[in-house]
Amino acid sequence: MNYRDKILQRINFFDILVLLLIIIAIVLGTKQFAFSSPNDNVDSEEILVKLVVRGVRAATVDVINEGDVVICVNSKEALGTIISKEINIFQTTAYTKDGKAVLASVPNRYDVLISVRGYATITENEIMINSTALRAGTIVRIFTNVYEVKTTVVDIEYNK
């Protein structure tokens, strides 16, 4: 009797079937845990996020356009689409000779208020677009293939 026949005598069809079932169960269980996220059961809801880009030059203002899909630098995931932009002259605090604080316009610098429409998961603790948590005052770096800017969240609108 050769070596192959001895192995086949010790392993029967039932043993092979049980081993295959165990392997399939392990693979499916691992796949379920590895590819599920805690937000899979929560529905996304459309929101409007207002972001301000402060103190940028005219060249940057010109390349920020409605319809741009902006991506978060940290998560590399889309936040949403720019639906409007508002341009204001950048102002900063300056002090007069007598020590009074006044707002002074800075030449060739602008503030851009952009509204981004996206889909977020809203829970009682946070508002998440993909894996980016948003709160008023949060600094979010966004980019497209043409520009990258640092923004601050100033408002979040959604159906409460």
(request) Name, by its number, the condition in (1) of a type in the set (Gly, Ala, Ser); (2) in contact with a strand residue (DSSP E or B) (Cβ under 8 Å, 6 or more places away or on another chain); (3) modelled with pLDDT under 95 that does not hold for residue 115. (result) (3)
(request) Might you check whether a residue that is more than 16 Å from the chain's Cα centre (by Cα) and either of a type in the set (Asp, Glu) or on the phi > 0 side of the Ramachandran plot (or both) occurs anywhere in the stretch 139-146? (result) no
(request) Have a look at 34, 59 and point out the one that is under 28 Å from the mean Cα position of the chain (by Cα), at pLDDT 85 or above, among the aliphatic types (A, V, I, L, M) and exposed (fewer than 10 other Cβ atoms within 10 Å of the Cβ). (result) 59
(request) Output yes when any residue across the stretch 92-105 is under 30 Å from residue 158 (Cα atoms), in a loop (DSSP other than H, G, I, E, B), assigned by TED's automatic domain parsing to the domain that holds residue 150 and modelled with pLDDT under 95, and no when none is. (result) no
(request) Of all residues in the stretch 124-149, count the ones that are assigned to a loop (DSSP other than H, G, I, E, B), in contact (Cβ under 8 Å) with a residue 24 or more places away in the chain and among the aliphatic types (A, V, I, L, M). (result) 1
(message) Among the residues that make up the stretch 37-45, is at least one of them modelled with pLDDT of 70 or more and surrounded by 10 or more Cβ atoms within 10 Å (Cβ to Cβ)?
(response) yes
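Listed residues 152, 121; which is farther than 23 Å from residue 64 by Cα, in a strand (DSSP E or B) and in the same structural domain as residue 75 (by TED's automatic domain parsing)?
On the way: 152 fails: farther than 23 Å from residue 64 by Cα.
From the options 152, 121, the qualifying one is 121.
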(message) I'm trying to understand the selection: among the residues of the stretch 79-91, which are among the aliphatic types (A, V, I, L, M) and either assigned to a loop (DSSP other than H, G, I, E, B) or surrounded by 12 or more Cβ atoms within 10 Å (Cβ to Cβ) (or both)?
(response) 79, 82, 83, 87
(message) Conditions first: (1) more than 22 Å from residue 148 (Cβ to Cβ); (2) in contact with a Ser or Thr (Cβ under 9 Å, 6 or more places away or on another chain); (3) among the charged types (D, E, K, R). Residue 86 passes all but one, so which condition is the exception?
(response) (1)
(request) Test residue 76 against the stated conditions and say whether it is exposed (fewer than 15 other Cβ atoms within 10 Å of the Cβ), without any contact (Cβ under 8 Å) to a residue 24 or more places away in the chain and under 13 Å from the mean Cα position of the chain (by Cα). (result) yes
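The values are calculated or read from the model by the stated rules, or taken from the named source; none is laboratory data. Just so it is clear, the model here is predicted, and its values are computed rather than measured. All Cβ positions, even for glycine, are placed from backbone atoms using ideal geometry, and neighbour counts span all protein chains on display.
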